[in-house]
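Take a look at the structure below.
Throughout, read-outs are computed from the coordinates displayed, never taken from laboratory work. Being a predicted model, the structure only gives us computed values, none of them experimental. Glycine also receives a Cβ, built like all others from the backbone with ideal geometry; neighbour counts cover every protein chain displayed.
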Amino acid sequence: MDEIVNRGMLKWPNVPTVYGWVSLDRRGNWMIKTVAARFERIGNPALRAFIGRNYACDGEGRWFFQNGPQRVLVSLEYTPWVYRIDDCGTGFLTHTGAVPRSLEALFLDDTGGLLLKTDLGIGVILDRDLPAVLERLTDEHGRWAEPLLEGLARDPAVEGRVRLHGRSLGITSVRAADIARRFGFMALPAPQPGEREC
């Protein structure tokens, strides 16, 4: 968290939580509700960077960014993280610019999306990077992993191992509707009983 955020939380500890005003789309864009009750992409780079630096998860699985003393809960279109290939093409970055230290597993969802679990958590791979990631996936023998991916798409019980960026990862299929429950986060956070909100 930014130091100014930490100071604000100490100075004003009981500021009500904000719900329903900020969301994260599946391309990693921060969206904000307008006065017309539509969501528009936040275009200001400094504001996007501020949100990203102060983005975290609470003990209830609700993702938020801390705006000074005020916690702003984030509605998630799909996952709390969106991963993209880094500029060197040898690793991944999140939509906030964070670099995962370890890659843990891959999941192919029933809509054709590919998800990556890292030490940071679960995230969808950015759609525009998906072809490049699929091209780099090989089986354990260095062959392109297309047959395994086709098997996963046909039969949810299929599991396998692939290599990506020099690492061996388990890969399984998953239903998109089950992602939030399976990975323990709330896509659409709502106030808890008795909680103040604004």
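Counting only residues 5 or more places away or on other chains, whose amide H sits under 5 Å from the amide H of Phe92 once H atoms are built in the peptide plane?
Close amide H contacts, sequence-distant or interchain: Asp86.
Which value results when the Cα radius of gyration for region 113-197 is divided by 2.2 N^0.38 Å? Don't skip to the end; give the middle numbers.
Values: Rg = 16.2 Å, N = 85, 2.2 N^0.38 = 11.9 Å.
The reported ratio for this selection is 1.36.
Can you tell me the alpha carbon radius of gyration of the chain divided by the globular rule-of-thumb value 2.2 N^0.38 Å?
Values: Rg = 18.4 Å, N = 198, 2.2 N^0.38 = 16.4 Å.
So the chain has a normalised radius of gyration of 1.12.
How large is the helix-only mean residue ellipticity at 222 nm for the chain, computed as the sum of -39500 (n - 2.57) over DSSP H runs with n ≥ 4, divided by its residue count, in deg cm²/dmol to the nearest 500? Provide the component values of the computation, followed by the final result.
Numbers: 5 runs with 39 residues, N = 198.
It lands at -5000 deg cm²/dmol.
Sorted by average packing, counted as other Cβ atoms within 10 angstrom per residue and highest first, what order do 18-24, 53-59 take? Spell out each step's value before the answer.
Working: 18-24: 18.7, 53-59: 14.9.
Final packing ranking: 18-24, 53-59.
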